[in-house]
There are 2 protein chains.
Amino acid sequence: MPDLAIGVDLGGTNLRVAAVDEHGNILDRRNTPTKSLRSSEAVVAAMCDHIAQLTSNLKTSGILRGIGVGIPGIIDLQTGVLRESPNLPGWHDYPVREEIERRLGTRVILENDANAAAMGEFWLGAGRDHDSMCMLTLGTGVGGGIILQGALWRGMTGMAGEPGHMTVYPDGPPCPCGNQGCLEQFAGATAIVRMAREAAAAGRAPALAKAINSSSQFTSKDVYDLALAGDEPSRGIFEIVGRSLGIAIAGMINLLNVPMFVIGGGGSGAWNAFSPYIFEEVSRRSFVYRATVQAPAGQETPQPTQIALAQLGSDAGIFGAARLPMLAEEVYEHSRQAGEPTLAAPTQF
Amino acid sequence: MPDLAIGVDLGGTNLRVAAVDEHGNILDRRNTPTKSLRSSEAVVAAMCDHIAQLTSNLKTSGILRGIGVGIPGIIDLQTGVLRESPNLPGWHDYPVREEIERRLGTRVILENDANAAAMGEFWLGAGRDHDSMCMLTLGTGVGGGIILQGALWRGMTGMAGEPGHMTVYPDGPPCPCGNQGCLEQFAGATAIVRMAREAAAAGRAPALAKAINSSSQFTSKDVYDLALAGDEPSRGIFEIVGRSLGIAIAGMINLLNVPMFVIGGGGSGAWNAFSPYIFEEVSRRSFVYRATVQAPAGQETPQPTQIALAQLGSDAGIFGAARLPMLAEEVYEHSRQAGEPTLAAPTQF
């Protein structure tokens, strides 16, 4: 019987739960809009109901290796407490792992949602041919995940992999994280809307001003549509998105020299509008990047650093969350170092 | 008999060679001013003479695990070619490993000098109680090294660990690496002299102007002496050193969440003048840093991220270079991944 795992992607918009086999096939899935659930307790209860249904339906299909849960926000992996989550208001200091485990009566592996998405792309998507990669997830903000030699790099307290909060312009706009000029303030959807409003208010962008005034729900998608239609101020905003991503990625290449950078999340749909500026900045700002793409005369072909679009769309997080218990030994090793309790052994059910 | 290794630190100023035992004791050493040697061939010949003398003298003292050589500049670890080195003019595309191995008739482990220094501090210095750390070396420029779970992180082509070329101010001064606004352009000795000359030329710094005009050898040390004497423009330059280091380190903490940052190199002597600004910037710019130093109410004591001075001075590089062959299995593993030939087995001599 094949190995199976349950992957959960708890987002501010959707709660997705799926049963995934060891080859990356989704055997069954359940989705619920998160906002239809009023409290953190209701979300956890719905999640556990979905998990129980899936495991019950798949009793005879394989061996359950475990349950992985991706959650947005700052998680203390030692205690399993969600300390803060901009996308899950009301979850401040919520002991999410304990609550799930209490309801299910079994251990779960908790992970930051962007880390889970990185693991998904690494397993089945854009990173599948590499041993190390960095992912940047363009959503409301900018998240990320780092995989080094096959394993998620979580750092000392599980908080590693936050490229969205690298400083790009030290005197730039304030960020909710307490810093100013973070990458997120130039490349996230909220930042795109802010830059559009600023351009409109300054009288520099008549088409954007018109769009803002005619819509009560002006979003980064509207800016993208105008950029596609050739509106220069809108194109300029995506130039800023690309250049700020390029500045941060150049720094990451000079620091980590990993072979693969994957750009995912909803905002990556605007790839054509911003990606040329990523490559321009990275080529100029990273001698390590240049050295990997240009072979010295008479020497072997180099292994070029790649920067590419994610491939799994919104399923990256579920795949990655399901992958974590499959890599149980490695996850156990990480967990042990982070002081977590021992994971339960794989269960046949 | 104890394990021994030869560590070589080839700098632009000094060539240092030492025999080090497995406990970190220097058994014997040789130093030669690099500039007394006219060509790359003469430097390699002197290095090999020193190595031969030390190994011959210590024949009966232990088991030689191998020879590690730290070299400044961009090294292609696959081919052992020094591609470029600002501190070793004339070494452009020099096949340094091949030349050393040919003369000695044995394999050597080549490493970037800043990586070797990081390994030294990790083994015996400021990083010895941690499993992961980043080092920043303040010299003419700014170098660095990253150690993750006990091993040097070299990246895909051995060029990882260049925090000196992370962008701090995207529109800042040009850097010889091709970028502009690199950390090195605000925190290296060359940058300190440049900032002092700029302040003097702008008429903002009479004491600096006087020092520049009265000395044909004006250096960053002169700026430091004036800062110590209370000269405000000179103090302001070290404020910039500290803030730019803080911006880069904050980004590294948000990315890697490692427990220890070590500041070394000659420029770290000015620690008291610049370090308060590092802590100020890091506290403000890294929520990951803050989360590691502030425990939430009612929870366990956190493991604070530390930022501290290096402890081994100019010997860090020799210790680290000698450590590499002692970690032979791990080094072998790294080498294999980088496509290097298999290392020779440890030799008794």
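The values are calculated or read from the model by the stated rules, or taken from the named source; none is laboratory data. Predicted model only: the values in this text are computed from it and were never measured. Heads up, the Cβs are rebuilt from the backbone with ideal geometry, glycines too, and the neighbour counts pull from every protein chain shown. Please note that ligands, DNA and RNA were not included when accessible areas were found on the heavy atoms of the full protein model with its side chains. Shrake-Rupley method; radii C 1.70, N 1.55, O 1.52, S 1.80 Å.
For the range B:133-154, give me each residue that is surrounded by fewer than 24 Cβ atoms within 10 Å (Cβ to Cβ) and touching a Phe, Trp or Tyr at 6+ places or on another chain (Cβ under 9 Å).
Residues satisfying the conditions are B:LEU148, B:GLY150.
Just one of A:GLY158, A:GLY178 is assigned to a loop (DSSP other than H, G, I, E, B), of a type outside the set (Asp, Glu) and in contact with a Phe, Trp or Tyr (Cβ under 9 Å, 6 or more places away or on another chain); which is it?
A:GLY178
Between B:GLY266, B:GLY246, B:GLY242, which is modelled with pLDDT under 95 and under 18 Å from the mean Cα position of the chain (by Cα)?
B:GLY266
So which residues in the range B:161-175 are of a type in the set (Val, Ile, Thr) and outside any loop (DSSP other than H, G, I, E, B)?
B:THR167
Sort out for me the strands (runs of 3 or more DSSP E) sitting completely within the range A:10-123 that have 1 or more residues that are under 18 Å from the mean Cα position of the chain (by Cα) and within 14 Å of chain B (Cβ to nearest Cβ).
Qualifying strands (runs of 3 or more DSSP E): A:74-76, A:81-84, A:109-112.
Being open to solvent by 10 Å² or more (accessible area, probe 1.4 Å) and among the small types (Gly, Ala, Ser) is the filter; apply it to the range A:159-196 and report the residue that is nearest to the other protein chains (Cβ to nearest Cβ).
A:GLY178
Just wondering, is there one or more residues in the range A:123-133 that are closer than 17 Å to B:PHE287 by Cβ and either touching a residue at least 12 places away in the same chain (Cβ under 8 Å) or touching a His at 6+ places or on another chain (Cβ under 7 Å) (or both)?
Scanning the range A:123-133 turns up no residue that is closer than 17 Å to B:PHE287 by Cβ and either touching a residue at least 12 places away in the same chain (Cβ under 8 Å) or touching a His at 6+ places or on another chain (Cβ under 7 Å) (or both).
Which is touching a residue at least 40 places away in the same chain (Cβ under 8 Å) and open to solvent by 10 Å² or more (accessible area, probe 1.4 Å), of B:LEU256, B:LEU228, B:LEU245?
The match here is B:LEU228.
Is there any pair linking a residue in the range B:264-292 that is within 14 Å of chain A (Cβ to nearest Cβ) to one that is among the charged types (D, E, K, R) and buried (at least 23 other Cβ atoms within 10 Å of the Cβ), with Cβ under 7 Å and at least six apart or on different chains, and which?
B:VAL288/A:GLU162
For the range A:183-215, which positions are at pLDDT below 95 and not in a helix (DSSP H, G or I)?
Result: A:ARG204, A:SER215.
Just checking, which of B:PHE238, B:PHE261, B:PHE218 is surrounded by 24 or more Cβ atoms within 10 Å (Cβ to Cβ) and outside any helix (DSSP H, G or I)?
Every option except B:PHE261 fails the conditions.
For the range A:7-19, state whether one or more residues are touching a helix residue (DSSP H, G or I) at 6+ places or on another chain (Cβ under 9 Å) and of a type in the set (Ser, Thr, Tyr).
Yes, the range A:7-19 contains at least one residue that is touching a helix residue (DSSP H, G or I) at 6+ places or on another chain (Cβ under 9 Å) and of a type in the set (Ser, Thr, Tyr).
Looking only at the range A:101-125, which residues are surrounded by 24 or more Cβ atoms within 10 Å (Cβ to Cβ) and either more than 19 Å from A:MET326 (Cα to Cα) or touching a Cys at 6+ places or on another chain (Cβ under 9 Å) (or both)?
Residue satisfying the conditions is A:ALA118 alone.
Please verify whether A:ILE63 is β-branched (Val, Ile, Thr) and closer than 20 Å to A:GLY161 by Cβ, treating the condition exactly as stated.
Considered against the rule, which asks whether it is β-branched (Val, Ile, Thr) and closer than 20 Å to A:GLY161 by Cβ, A:ILE63 comes out as no.
Would you please name the residue that is nearest to B:VAL17 (Cα to Cα), looking only at residues in the range B:61-83 that are touching a residue at least 40 places away in the same chain (Cβ under 8 Å) and open to solvent by 30 Å² or more (accessible area, probe 1.4 Å)?
B:ARG65
Can you name every residue in the range A:197-208 that is open to solvent by 30 Å² or more (accessible area, probe 1.4 Å) and touching a helix residue (DSSP H, G or I) at 6+ places or on another chain (Cβ under 7 Å)?
A:ARG197, A:ARG204, A:ALA207
Picking from A:LEU10, A:LEU4, A:LEU15, A:LEU27, which residue would you name as being aliphatic (A, V, I, L, M), at pLDDT 85 or above and surrounded by fewer than 18 Cβ atoms within 10 Å (Cβ to Cβ)?
A:LEU27
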